[in-house]
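The values are calculated or read from the model by the stated rules, or taken from the named source; none is laboratory data. Note that the structure is predicted; figures quoted are calculated from it, not measured. Because the Cβ atoms are built from the backbone with ideal geometry, glycine has one as well, and the counts that use them run over all protein chains shown. Surface areas here come from the heavy atoms of the whole protein model, side chains and all, with no ligands, DNA or RNA. Shrake-Rupley method; radii C 1.70, N 1.55, O 1.52, S 1.80 Å.
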Amino acid sequence: MSPSKPLVFVTGNANKLKEVKEILSQGGNPIEIESQNLDIPEIQGTTVEVARAKCQRAAELVGGPCITEDTALSYVALKGLPGPYIKHFMAEIGHEGLNNLLVGFPTKAAEAVCTFAYSAGPGTEPIIFEGRTEGTIVPARGPKVFGWDAVFEPLGFNQTYAEMPSDVKHKISHRGKALEKLRAYLQSLPE
């Protein structure tokens, strides 16, 4: 992909930027991105509604092609909550609080959801790319440097995201799955 303007990833999260650059630079046709930290209010709604609105506003502010990302952590016992509001829950109650939300419930099952939205520029309808990974909420293990990674253990693994080497995490994570779809789409665009 070689648009007339560089593809901008709108984020202020250095860890997300690092992961996105690592994943999109893999393969035979790496996708280069720039980043901008813009203050874009998030609407309340589903992950897709939040992602679409954020991307539309970002495209207006950037004045060209951009991607935005929204992450959700949905607890089965809480019927999908905290969902797209996980960032606020994490900031207020931390890793221990995320575990305490499930005290007394019979299941600790959860699903990590990542929603990327791509806009070709202002006035274009964003295209949505979603990745999902099922797992379990566990007491925090591993480095506590990237959001809720230390409390999410993907199904079939005995490590949390925080404990995994990045190459393993990228292959199975919600973000990695969504980015693979986004990369395939971007690489299919005409030069």
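Odds and ends about this structure:
- Restricting region 6-17 to residues that are surrounded by 13 or more Cβ atoms within 10 Å (Cβ to Cβ) and either out of contact with any Cys (no Cβ under 6 Å at 6 or more places or on another chain) or modelled with pLDDT under 85 (or both) leaves a set whose member that is farthest from residue 162 (Cα to Cα) is 6.
- Test result for residue 134, open to solvent by 70 Å² or more (accessible area, probe 1.4 Å), modelled with pLDDT of 95 or more and over 17 Å from the mean Cα position of the chain (by Cα): no
- Here residue 110 does not qualify as at pLDDT 95 or above, crowded, with 21+ Cβ neighbours inside 10 Å, closer than 19 Å to residue 7 by Cα and among the small types (Gly, Ala, Ser).
- Filter result for residue 85 (surrounded by fewer than 17 Cβ atoms within 10 Å (Cβ to Cβ) and among the hydroxyl-bearing types (Ser, Thr, Tyr)): yes
- Region 45-89, residues that are among the polar types (S, T, N, Q) and touching a residue at least 40 places away in the same chain (Cβ under 8 Å): 47, 56, 68, 71
- Counting only residues that are open to solvent by less than 70 Å² (accessible area, probe 1.4 Å), in contact with a Leu (Cβ under 9 Å, 6 or more places away or on another chain) and within 11 Å of residue 126 (Cβ to Cβ), region 41-64 holds 1 of them.
- Whichever residue in region 152-191 is over 19 Å from residue 141 (Cβ atoms) and small (Gly, Ala, Ser) and, among such residues, is modelled with the highest pLDDT: 178
- All positions within region 140-191 that are charged (D, E, K, R), touching a residue at least 40 places away in the same chain (Cβ under 8 Å) and more than 26 Å from residue 89 (Cβ to Cβ): 180, 181, 183, 191
- Of everything in region 113-131 that is open to solvent by 10 Å² or more (accessible area, probe 1.4 Å) and either in a loop (DSSP other than H, G, I, E, B) or not hydrophobic (A, V, I, L, M, F, W, C) (or both), the residue that is nearest to residue 77 (Cα to Cα) is 130.
- Criterion (farther than 27 Å from residue 10 by Cα and out of contact with any Phe, Trp or Tyr (no Cβ under 6 Å at 6 or more places or on another chain)) met by exactly one of 117, 109: 109
- Total residues in region 137-160 satisfying the condition of being small (Gly, Ala, Ser) and crowded, with 17+ Cβ neighbours inside 10 Å: the figure is 3.
- Of the residues making up region 163-176, those that are surrounded by 20 or more Cβ atoms within 10 Å (Cβ to Cβ) and either part of a helix (DSSP H, G or I) or not hydroxyl-bearing (Ser, Thr, Tyr) (or both) are 169, 174, 175, 176.
- Boolean, residue 98 is at pLDDT 95 or above and in a loop (DSSP other than H, G, I, E, B): no
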